[in-house]
Amino acid sequence: MSTYAVPWTFAAIVRRDFAVLVRDAPSVVIQTAMQPLFLAFVLGRVLPELGLARPTFAEVLLPGVVALAVVVTALQAVALPLVLEFGFTKEIEDRLLAPLPVWLVGVEKIVVAALRGVVGGLLIYPLARLIVGWDKVNVSSGHVPRFLLFCAIAALLGSSLGLMLGTFVPPKQISVMFAVIFTPLLFTGCIQYPWASLAPLEWFKVLTLFNPLTYASEGLRSSLVPQVPHMAPWLAALAAAAWIACFVALGLRGFARRAVD
């Protein structure tokens, strides 16, 4: 295998998958939008107007909705197709025949899924803000680089977790797996509440630290609404990086194992 061919082949596969992403943009929007936007509508618009939540609750909710959209979109973009490619269509065999190391094919899956997650999050942000009320959320414009950084971090969290799940979960159990992990992911990921506000529930505050979505939500909260109590951005980034490294290591190991089966 020529070392000169590897980067060009990798770039060609990424370019091909990105072209597919652009072609499938409408389905990406629909797939991305449903759960986060309904969450924003019910919790961020309906409850405050009924007086069952404070008007400022939208500021707490918006970053969590964006984080959920990015992570789940990236996760689904790699986990579900990977199960099909390994289990039924065998489409993955075409990639494995490319002049690339097996582990680099897995990395390409992570990168493309992360791009899809970022695109989904950037589409969801203005829609969710319109739903909760554009003027009801005092969004800071002074932390745009941090916002983009945590969008990328959230996307890598989702895509690397998706690679791990897609290679370790048997095809027949993938739907059960999503049903099992989605509810804990949704309610312990600091989407609807800031992590710093959980001091009265110390046990639950500790529990949320085991959910990678917590660090995406808190990082985006620190960049969009820094006036809301939040986890220190450097701590959220460091913890998220540790989760990503763990998921990538396990995912690539599972990918290599499935590739030789």
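Brief remarks on what is shown
- 13 Å beta-carbon shell around G251, net charge (K/R +1, D/E -1): +3
- Cβ crowding within 10 Å averaged over residues, with 125-131, 77-83 ranked highest first: 77-83, 125-131
- Multiplying the residue separation of A245 and Q173 by 0.36 nm and subtracting their alpha-carbon distance yields 23.4 nm.
- A Förster distance of 25 Å, applied to the separation of the beta-carbon atoms of T188 and V42, puts the FRET efficiency at 0.85.
- Sulfur and carbon atoms: percent of accessible area, the chain [1.4 Å]: 72
- Where a label projected 7 Å from the Cα of V139 along Cα→Cβ would reach, residues of the stretch 210-242 with amide N under 14 Å: 220-226
- In the chain, excluding the sites themselves, the longest stretch lacking any of the chymotrypsin sites (Phe, Trp or Tyr not before Pro) that are in a DSSP loop with at most 11 other Cβ atoms within 10 Å is 89-209.
- Charge dipole (Cα centre; +1 on Lys/Arg Cβ, -1 on Asp/Glu Cβ; no other charges) of the chain amounts to roughly 40 debye.
- With the simple model of a label 7 Å out from the Cα in the direction of the Cβ, L122 to T56 spans 3.2 nm.
- Net +/- balance of residues flanking T167 in space, Cβ distance below 9 Å, scoring K and R +1, D and E -1: +3
The values are calculated or read from the model by the stated rules, or taken from the named source; none is laboratory data. Given the structure is predicted, the values throughout are model-derived calculations rather than measurements. A quick note on method: Cβ atoms are made from the backbone with ideal geometry, for glycine too, and the neighbour counts reach across all protein chains shown. With ligands, DNA and RNA removed, areas are computed over all heavy atoms of the protein, side chains included. Shrake-Rupley method; radii C 1.70, N 1.55, O 1.52, S 1.80 Å.
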